[in-house]
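Quick one: this structure, given as structure tokens, is what I'll be asking you about.
None of the figures in this text is laboratory data; all of them are computed from the coordinates on show. From a predicted model like this one, the values you see are computed outputs, not experimental measurements. Positions of Cβ are generated from backbone atoms using ideal geometry, with glycine treated the same way; all protein chains shown enter the neighbour counts.
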């Protein structure tokens, strides 16, 4: 018998996104998102398929954008432990050989377009002066609200690199926004747009 959909049925929908494949090792990592039981937020966790089994590898309910790191583990983004008003995202590492996920760094400007080249992570993040009267709105796209009726965006998007120790280096700087980039396989040169 067919029944009508009700709003609570939205909790049953799963969305698969942020796929990353390691062809050489036969591993696929991705994010599975669903609407939380409260119907007021999303739960996002990282899953891995190794050609034989499918398994959920994080349970933080705010983990996303997994990237396979040199066949040894996963780097993923998370907002676990961050309050609603705290901007940014945390970068975590989960080894494939067992063990717990370890936080590498907190990036207050957020992380966009995370990529791994060799043993280095690259990403675009916002930089600029922090304004005390600005509130971060955790929606997509990320917004900053000054509480006086206006949305502001005084940040610039720049390219950064980071290693597994959490050492972050700003690759570009200037009065422009990096909206796209590519890194040559050896990591010696980057192109930005």
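Cβ neighbours within 10 Å, averaged per peptide: list 177-183, 72-78, 48-54, 14-20 in order, most packed at the top.
72-78, 177-183, 14-20, 48-54
Could you list the square roots of 5 times each eigenvalue of the Cα gyration tensor of the range 7-192, that is, the equivalent ellipsoid semi-axes, sorted largest first and rounded to whole Å?
Values for the range 7-192, descending: 27, 24, 13 Å.
Stretched out fully, how many nm does the piece from residue 21 to residue 184 gain, at 0.36 nm a residue minus the Cα gap?
56.8 nm
Quote to one decimal, in nm, the extra length available between residue 192 and residue 169 on full extension: 0.36 nm per residue of separation minus the C-alpha distance between them.
Here the segment from residue 192 to residue 169 would lengthen by 6.7 nm.
Looking only at the range 69-90, which residues have a backbone nitrogen under 19 Å from a spot 7 Å from the Cα of residue 36 in the C-beta direction?
77-90
Express the C-alpha Rg of the range 26-97 as a ratio against the empirical globular expectation 2.2 N^0.38 Å, rounded to two decimals.
1.15
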